[in-house]
Amino acid sequence: MINNQIAVFGEALFDQFPDGQQILGGAPFNVAWHLQAFNQHPCFISRVGHDATGDKIRQAMQAWGMTVENLQTDPDYPTGTVQVTINNGEPGYDILADQAYDFIAAQQPDVDRRYSVIYHGTLALRNRTSEQALRNLTARHQGKVFIDVNLRAPWWHKETVYQWLDKAQWVKLNHDELMHLSPLQKNTRRDTMRLFLEQHGLEVLVVTCGSRGATAINHTGEFIEVVPVGDLAIADTVGAGDAFAAVLLLGMQHGWPLQLTMERAQSFASALVTKRGATVQDLSFYRPFIDAWNLD
């Protein structure tokens, strides 16, 4: 029997900014954080080091009301860290090797639990240990799989990404990632997206395009475009895609029409970029969305 819980698998880490500020991050962590604020109570599966930053992540999750039962502690490898640089408003990332999230233990995720959706990215798949843990988790999964593609050089291999795309029903990536992964590119983004969706047997494909908004296509041929509304006082764009993904998952859970889901995802992502970093630690930030979307 499938329950109504979303499982979120992957990295938890700290984004280190040039001014010395450290902010909780990692795409799966960010998604789980937003889902918790939206009263979804996700199961977050990750691994941190036996160190001060790992303790901070665990404490932050507990303070936010998140369960830490599947947050593993690694005795040998450190909690993940990413050096963030900002150039012309766009973030760049220096992702260190051999971090605790690379070694999520295969035997610990609860493979007997049934989830409505399993969400994961592609960064945590760079190490065979974490990839095997995800294989265990998805082996008996009867619900949907949502892949949020994050191609961070040199930490990805096209064939591995293709294998996981073929297991998914929903996929989100950005325009550049679509171009990297599309063997046959058409004259229009719409046609390229349609071919990509058909090649991997997807139900829904979402492509984000930064300040130009996002597009989606589904298996029935419905094509949707959304754009940010108004002028935004952008603090930074770190985590905008994760905010977008969190609302896509809400739409999956609640059966929202794809057009409405995309509009709401764009609205929330636009609000998020006015804040510094990928996570917001003030529940009042979420309240207007919770009320408008009837998430209580």
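The values are calculated or read from the model by the stated rules, or taken from the named source; none is laboratory data. Note that the structure is a prediction, hence the values are computed from the model and not measured. All Cβ positions, glycine included, derive from the backbone under ideal geometry; neighbour counts span all protein chains shown.
Screening His200, His180, His141 for residues that are surrounded by fewer than 17 Cβ atoms within 10 Å (Cβ to Cβ) and free of Cβ contacts under 8 Å to residues at least 40 places away in the same chain leaves exactly one candidate, His180.
Are there any strands (runs of 3 or more DSSP E) wholly within the range 130-230 with 2 or more residues that are among the small types (Gly, Ala, Ser), and if so which? Show your work before the answer.
Values: elements: 144-148, 170-174, 204-208, 214-218, 223-226.
Per the criteria, 214-218.
Yes or no: Met61 at pLDDT 95 or above, of a type outside the set (Ser, Thr, Tyr), within 20 Å of the chain's Cα centre (by Cα) and assigned to a loop (DSSP other than H, G, I, E, B)? No, not satisfied. A single member of Gln142, Gln169, Gln185 is among the polar types (S, T, N, Q) and modelled with pLDDT of 95 or more, and it is Gln169. You will find that of Phe14, Phe38, Phe44, the residue that is out of contact with any Cys (no Cβ under 9 Å at 6 or more places or on another chain), closer than 17 Å to Tyr286 by Cα and either crowded, with 24+ Cβ neighbours inside 10 Å or not basic (Lys, Arg) (or both) is Phe38 and no other.
Within the range 256-277, how many residues are over 16 Å from the mean Cα position of the chain (by Cα), of a type outside the set (A, V, I, L, M, F, W, C) and in a loop (DSSP other than H, G, I, E, B)? Going through the range 256-277 one residue at a time, the tally reaches 4.
Conditions (1) within 27 Å of Pro91 (Cα to Cα); (2) touching an Asp or Glu at 6+ places or on another chain (Cβ under 9 Å), marked per residue:
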| residue | (1), (2) |
| --- | --- |
| Leu181 | yes, no |
| Met193 | yes, no |
| Gly210 | yes, yes |
| Gly213 | yes, yes |
| Gly221 | no, no |
| Val226 | yes, yes |
| Leu232 | yes, no |
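Run down Leu71, Leu123 and say which single residue is under 13 Å from Ala7 (Cα atoms), of a type in the set (A, V, I, L, M) and either touching a residue at least 12 places away in the same chain (Cβ under 8 Å) or out of contact with any helix residue (DSSP H, G or I) (no Cβ under 7 Å at 6 or more places or on another chain) (or both).
On the way: Leu123 fails: under 13 Å from Ala7 (Cα atoms).
Exactly one residue qualifies, and that residue is Leu71.
Residues that are more than 22 Å from Asp148 (Cα to Cα), modelled with pLDDT of 95 or more and out of contact with any His (no Cβ under 8 Å at 6 or more places or on another chain): does the range 31-49 have at least one? Within the range 31-49, one or more residues are more than 22 Å from Asp148 (Cα to Cα), modelled with pLDDT of 95 or more and out of contact with any His (no Cβ under 8 Å at 6 or more places or on another chain). Condition check for Leu205 on (1) closer than 21 Å to Asp166 by Cα; (2) surrounded by fewer than 18 Cβ atoms within 10 Å (Cβ to Cβ); (3) free of Cβ contacts under 8 Å to residues at least 40 places away in the same chain; (4) not β-branched (Val, Ile, Thr): one failure, at (2). Within the range 247-296, the set of residues being farther than 20 Å from Ile224 by Cβ and touching a Ser or Thr at 6+ places or on another chain (Cβ under 8 Å) comprises Val273 only. For the range 215-236, a residue qualifies if it is crowded, with 18+ Cβ neighbours inside 10 Å and either of a type in the set (Lys, Arg) or within 21 Å of Gly25 (Cβ to Cβ) (or both), and exactly one does: Asp236.
Looking only at the range 69-108, which residues are among the small types (Gly, Ala, Ser) and under 24 Å from Thr274 (Cβ atoms)? Let's see the steps before the verdict.
Here is the first cut: in the range 69-108, the ones among the small types (Gly, Ala, Ser) are 80, 89, 92, 97, 100, 105-106.
Passing the criteria: Gly89, Gly92.
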